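Asks: Below you will find the structure I want to go over with you.
The values are calculated or read from the model by the stated rules, or taken from the named source; none is laboratory data. Every value quoted in this text rests on a predicted model; they were computed, and no experiment measured them. Quick reminder, even Gly has a Cβ in these numbers, built from the backbone with ideal geometry, and neighbours come from all protein chains shown.
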């Protein structure tokens, strides 16, 4: 299944997403949790911890700064912009490119 | 040259210098404030910004409250019945630029101040309220409204007007575009890791921008140590703290302004302290 969680700021999107992801993980599903928020905090709610969450953001920021190559495909993205969270959930930070170059899809 | 918000004899306290230079006149000089509230979604930006604007207005200042968040929020905390107060179509006109591209500008003859005068909604205590304009549906095109709002930001009413802005949650563009009028950015932070992480990101963004003052408000604090934790956790100077207050939740549920339901409760008192602290910040060199 593919689930997207949306809503107003502060209404509980991130917490809800994390609980769904870990519950599915505990039930034995392979789960990929995508943090599409421009202010990505899903790592904290998944239980990844503050440092690891912030590290993922800094890797993501390095792309905007031109210090890190864009992912070549989806697997590369999940590998390089992701981390393993509890209950077998794989987290990846996939916020939109801020200033795409012409030709960037 | 000086402008006064009202005649000097009746209210000598409020004298607004057109520039920030010294004056030789007696009386306390109050420089109109330009404040923008930022922070994580749900941290309490709208609640604090709306209360802040009304308290400022109740102290005799002319206040323009700007809601740059496409989600409604500030209308409720201000107590303005109109939750969608974007510019009407007639306020904005299109034109072709040098390259033949279609652009938007304020209607011919209109400026930022006249647009505010004509279209900003009148709220309690004389606060004027203008919004970016809300998203109405998948096919709603609000480019026109948004462009008009931007032109007002480029040409805000000057001397005598205090500006209080409520910016979208998160860390994307607030410092660089929507909040470009602010002299003081107030980062609203709860004593939680996610909220403090957001505060740190905003502090980093501010350092990269042509940053004005950036301060933090510890919101929904429960322990005496929370405010200091928030200041240390974000690396930002503490403007003040607002206690956790169930009355705020009651006001939210009722869709009412906190200042109308609990004008003397702990949150209202804390926001009055924030107003005073911001004033002394903006008056210091």
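Quick grid of which residues meet (1) surrounded by 15 or more Cβ atoms within 10 Å (Cβ to Cβ); (2) modelled with pLDDT of 95 or more; (3) part of a loop (DSSP other than H, G, I, E, B); (4) over 16 Å from the mean Cα position of the chain (by Cα):
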{"site": "B:53", "(1), (2), (3), (4)": "yes, yes, no, no"}
{"site": "B:64", "(1), (2), (3), (4)": "yes, yes, no, no"}
{"site": "B:71", "(1), (2), (3), (4)": "yes, no, yes, no"}
{"site": "B:86", "(1), (2), (3), (4)": "yes, no, yes, no"}
{"site": "B:94", "(1), (2), (3), (4)": "no, no, no, yes"}
{"site": "B:133", "(1), (2), (3), (4)": "yes, no, yes, no"}
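Asks: Does any residue of region B:216-228 turn out to be closer than 16 Å to residue B:35 by Cα and buried (at least 21 other Cβ atoms within 10 Å of the Cβ)?
Replies: Checked against the condition, which is being closer than 16 Å to residue B:35 by Cα and buried (at least 21 other Cβ atoms within 10 Å of the Cβ), region B:216-228 yields at least one hit.
Asks: Sticking with this one: Could you name every one of the helices (runs of 4 or more DSSP H) located completely within region B:178-261 that has at least 2 residues being modelled with pLDDT of 90 or more and touching a strand residue (DSSP E or B) at 6+ places or on another chain (Cβ under 9 Å)?
Replies: B:193-208, B:226-234
Asks: Right, another one. Consider residue B:205 carefully, then state whether it is within 14 Å of chain A (Cβ to nearest Cβ) and either surrounded by fewer than 17 Cβ atoms within 10 Å (Cβ to Cβ) or more than 18 Å from residue B:276 (Cα to Cα) (or both).
Replies: Criteria met by residue B:205.
Asks: Right, next: Give region B:156-177 a look and list any residue that's surrounded by fewer than 19 Cβ atoms within 10 Å (Cβ to Cβ) and part of a helix (DSSP H, G or I), or say none.
Replies: Passing the criteria: B:176, B:177.
Asks: Kindly list the number of the only condition in (1) touching a residue at least 24 places away in the same chain (Cβ under 8 Å); (2) surrounded by fewer than 21 Cβ atoms within 10 Å (Cβ to Cβ); (3) within 14 Å of chain A (Cβ to nearest Cβ); (4) more than 23 Å from residue B:277 (Cβ to Cβ) that fails for residue B:153.
Replies: That leaves (3) as the condition not met.
Asks: Within the bounds of region B:31-46, is there any residue that is over 29 Å from residue B:197 (Cβ atoms), modelled with pLDDT under 90 and in a loop (DSSP other than H, G, I, E, B)?
Replies: Looking for residues that are over 29 Å from residue B:197 (Cβ atoms), modelled with pLDDT under 90 and in a loop (DSSP other than H, G, I, E, B), one finds at least one in region B:31-46, hence yes.
Asks: Checking residue A:32 against (1) farther than 23 Å from residue B:200 by Cα; (2) more than 12 Å from the chain's Cα centre (by Cα), which test does it fail?
Replies: Residue A:32 satisfies every listed condition except (2).
Asks: Looking at region B:223-232, is at least one residue away from chain A (no Cβ under 14 Å) and within 17 Å of the chain's Cα centre (by Cα)?
Replies: No, there is no match, as no residue in region B:223-232 is away from chain A (no Cβ under 14 Å) and within 17 Å of the chain's Cα centre (by Cα).
Residues checked against (1) in contact with a helix residue (DSSP H, G or I) (Cβ under 7 Å, 6 or more places away or on another chain); (2) at pLDDT 95 or above:
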site: A:8; (1), (2): no, no
site: A:33; (1), (2): yes, yes
site: A:36; (1), (2): no, no
site: A:40; (1), (2): yes, no
site: A:43; (1), (2): yes, yes
site: A:65; (1), (2): no, no
